[in-house]
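Please read the structure below before turning to the comments.
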Amino acid sequence: MPDPIVELKSVRKTLKSKTDGSEVNTPVFNGLDLTISVGERIGIIGPSGSGKTTLLKLVNRLEDADEGTISVDGRDVFDWDARALRRKAALVLQKPYIFEGTVYDNVAFPYTAANEKTPPRKTVEELLSEAGLPDVDTARPAAALSVGQQQRVCLARSLATEPSVLMLDETTSSLDPNVAAGVLKKIYGRCRSDRLTLIHVTHEVPKLRDLDRIAVIAGGTITEEGTPERILEGPISAATKDFLAGFS
């Protein structure tokens, strides 16, 4: 069996918010277990509000679990330096987070923030090309780009850290289907050659078919998991059937 790279065991999480001055507690996970292997490409699906994005944030400690354990590369996430963890397990959110400055500044930010030598411009251009932006001017203000272009700049920034785990949260949702397919093809190449592990949250069924496994989150836990063919063509749980019915 391949070595695990990400493990979540008995994870419980409740989100807290305030409505009209009163605290509202929303249970998200009530004992979630999931193991992901080195080099695996796994899709995470489930109804809106089921905790897909929260799961990704728990892996690199943008949020913390209330109970249970989460480990990356055999180490509890609390034993990692937060910056090192987020380079090891890079997260690209659906809504791009752009820093002030140029496209180059944004891609090089992980090195600048760590007071490390920044990558050569040619390297940044290669990363942008891999992320689907082969002709972008690296001296252009990043804030002037479209949302889809900003998403790809964020992807290039994550790839710059040479992560072991890449987590995509609807990252290619704003892209032309052909561009998105090209970007994912290059990422899959990294999965094969560099044993990069991909965790892909997406509601787009065609993007799920090329993955190794799909896990379905509903009702606070993993309701079922299996190959794309098995999950998409022969779902067992009612939650999966209901979710997929919305795309038929």
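The values are calculated or read from the model by the stated rules, or taken from the named source; none is laboratory data. These numbers come from a predicted model, not from an experiment. So basically every Cβ, Gly included, is an ideal-geometry build from the backbone, and we count neighbours across all protein chains shown.
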Considering only residues that are touching a Ser or Thr at 6+ places or on another chain (Cβ under 9 Å) and crowded, with 17+ Cβ neighbours inside 10 Å, look in the range 221-231 and name the one that is farthest from GLY51 (Cα to Cα). ILE231
What residue, of THR197, THR202, is crowded, with 21+ Cβ neighbours inside 10 Å, at pLDDT below 95, of a type in the set (S, T, N, Q) and in contact with a Leu (Cβ under 9 Å, 6 or more places away or on another chain)? THR202
Would you say SER10 is of a type in the set (Gly, Ala, Ser) and either part of a strand (DSSP E or B) or out of contact with any strand residue (DSSP E or B) (no Cβ under 6 Å at 6 or more places or on another chain) (or both)? yes
Looking only at the range 52-73, which residues are on the phi > 0 side of the Ramachandran plot and under 16 Å from the mean Cα position of the chain (by Cα)? ARG61
Is it the case, given these coordinates, that VAL201 is under 24 Å from SER48 (Cβ atoms), in contact (Cβ under 8 Å) with a residue 40 or more places away in the chain and hydrophobic (A, V, I, L, M, F, W, C)? yes
For the range 104-132, enumerate the residues that are in contact (Cβ under 8 Å) with a residue 24 or more places away in the chain, assigned to a loop (DSSP other than H, G, I, E, B) and surrounded by 13 or more Cβ atoms within 10 Å (Cβ to Cβ). PRO119, ALA131, GLY132
Residue that is nearest to ASP135 (Cα to Cα), among those in the range 88-101 that are surrounded by fewer than 19 Cβ atoms within 10 Å (Cβ to Cβ) and out of contact with any Cys (no Cβ under 8 Å at 6 or more places or on another chain): GLY101
Which one is surrounded by the fewest Cβ atoms within 10 Å (Cβ to Cβ), of the residues in the range 147-193 that are out of contact with any helix residue (DSSP H, G or I) (no Cβ under 9 Å at 6 or more places or on another chain) and in contact (Cβ under 8 Å) with a residue 12 or more places away in the chain? ARG192
